[in-house]
Amino acid sequence: MITDATCTFCGCVCDDIEITVEDNHITDAKRACALGQSWFYGHVADGRPDCLVAGQPASVAEGVERAARILIDARYPIVYGLSDTTSEAQRVAVAIGDAIAGTVDTSTSASHGPSGMSFHGVGEVTCTLGEIANRGDLIIVWGGNPAESHPRHFSKYSLMPKGMFVPNGRKDRTAIGVDVRKTETAEAMDLLFQIKPGSDFEALWTLRALAKGIDVDPDQVQRETGIELVRWQDLMARMKAAKFGVILFGMGLTMTRGKHLNSDALLSLARDMNAFTRFVVAPMRGHGNVTGADNVVTWQTGYPFGVNMSRGYPRFNPGEYTTSDTLARGEADAALLVACDAKANFSQPARERLTSIPYITLDPKDTPTTRHAAVAFTTATYGINTPGTVYRMDDVPIVLRPALTSTHPTDFDVLSAILRRVTELKK
Ligand code: SF4
């Protein structure tokens, strides 16, 4: 039995799971939600070779040699993924990007990339999930559906827990949803603001204006947001009256019309509110260690994703150096894909380009992306098989306690071997 094991399925990174292992199989995962249970129970060794080169079984050493040569022979090599592996492995992947003068990007560019840009531009008034659990008395969920995507967020952190300053748990909290549709999360809210699709920017600027006491036109507000001004005024009154307000936001805000201008407006609103009361804002991050990817890439390059190192120093330009773009424009000519199924997520032109260039994958699972790789490493699953560090969505580092051994190498080991070989070949 492994106590305090960590589930790395979503950004909550619950580290209170009790796992029972029998015969090298996970037979119980206490406290895990349905998604977490499928993550743990779905983990079965499938007997695939550690490495395939051009679809044929090969040794890891042969795979490393081929991978290193693909990367150093390329004119525009890219490193992508990184959100479902340890921060130790992420660090090595960024070093490879540096050694090959390549472009390093993570799945953040396809999810919370606009938030990453806003963190640079506006800043983030934030706190840990523990503070939310202990203090949050007004919880606003904007453009996200954590009831389905992060099932334990409400029970562990944001709605239900009894905290130091909210001793009655849910009874001490007001929950407000802002979304274009009624989701399962909306059911858990006290109030729902069902805004017009694509009107997050207008809604947020309405609230910013109300916070500052600026007159706004009621007809225009209703026309543009689909919500009467009086309701926005009521929301602002509740926000000002809260002792500790929290805005949790998802991709319904960041990946719809307005993108980083939406997240700029939301982060600015949270900052504005601190003139009246304590208010924080936090993105709902999806992958288990996507927050670690942002942290590691930022430590090493100064930027969170979409970083080009072809000139020997990092340059950041979303849209230019982000992977879906470098592929779709036919620029990337080799790729190192770490723990991601790029073919499942990218546009048709990007997928076609990926199919036409040599690429290397590291993944515990067999996916459409790994099946067409020039070199496909089957690696151990982080958290279940391998120790290391991941970052919870609130930037708190969590130590992994693996439950099972694996015969497959870890991402860290394979990436370290590729880095060594690339460095030797570059001399
Ligand atoms: S909420 Fe997320 S991290 Fe927690 S058990 Fe469920 S899937 Fe795993």
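Arg257 passes all but one of (1) within 29 Å of Phe165 (Cβ to Cβ); (2) in a loop (DSSP other than H, G, I, E, B); which number fails?
(1)
On the given criteria, is Glu22 more than 16 Å from the ligand (Cβ to nearest atom), farther than 23 Å from Thr378 by Cα, of a type outside the set (Ser, Thr, Tyr) and surrounded by fewer than 20 Cβ atoms within 10 Å (Cβ to Cβ)? Steps first, answer last, please.
Working: more than 16 Å from the ligand (Cβ to nearest atom): yes; farther than 23 Å from Thr378 by Cα: yes; of a type outside the set (Ser, Thr, Tyr): yes; surrounded by fewer than 20 Cβ atoms within 10 Å (Cβ to Cβ): yes.
For Glu22, the condition - more than 16 Å from the ligand (Cβ to nearest atom), farther than 23 Å from Thr378 by Cα, of a type outside the set (Ser, Thr, Tyr) and surrounded by fewer than 20 Cβ atoms within 10 Å (Cβ to Cβ) - is met.
Conditions tested, residue by residue: (1) free of Cβ contacts under 8 Å to residues at least 60 places away in the same chain; (2) closer than 30 Å to Pro397 by Cα; (3) not in a strand (DSSP E or B).
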residue: Lys240; (1), (2), (3): yes, no, yes
residue: Leu261; (1), (2), (3): no, yes, yes
residue: Leu267; (1), (2), (3): no, yes, yes
residue: Val280; (1), (2), (3): no, yes, no
residue: His287; (1), (2), (3): no, yes, yes
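Being more than 17 Å from the chain's Cα centre (by Cα) and assigned to a loop (DSSP other than H, G, I, E, B) is the filter here, so list the residues in the stretch 289-316 that pass it.
Answer for the stretch 289-316, where residues must be more than 17 Å from the chain's Cα centre (by Cα) and assigned to a loop (DSSP other than H, G, I, E, B): Gly302, Met309, Ser310, Arg311, Gly312, Tyr313, Pro314.
Residue-wise test of (1) touching a residue at least 40 places away in the same chain (Cβ under 8 Å); (2) more than 14 Å from the ligand (Cβ to nearest atom); (3) touching a strand residue (DSSP E or B) at 6+ places or on another chain (Cβ under 7 Å).
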site	(1), (2), (3)
Thr6	yes, no, yes
Cys12	yes, no, no
Asp15	yes, no, yes
Glu18	no, no, yes
Cys33	yes, no, no
Tyr41	no, no, yes
Val44	no, yes, no
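Among helices (runs of 4 or more DSSP H) lying entirely in the stretch 152-228, which contain 1 or more residues that are more than 30 Å from the chain's Cα centre (by Cα)?
Numbers: elements: 184-187, 200-211, 218-225.
Here the list reads 200-211, 218-225.
Bear in mind these aren't lab numbers, they're just calculated from the coordinates by the rules spelled out. Predicted model only: the values in this text are computed from it and were never measured. Cβ atoms come from the backbone with ideal geometry, glycine included; neighbour counts cover every protein chain shown.
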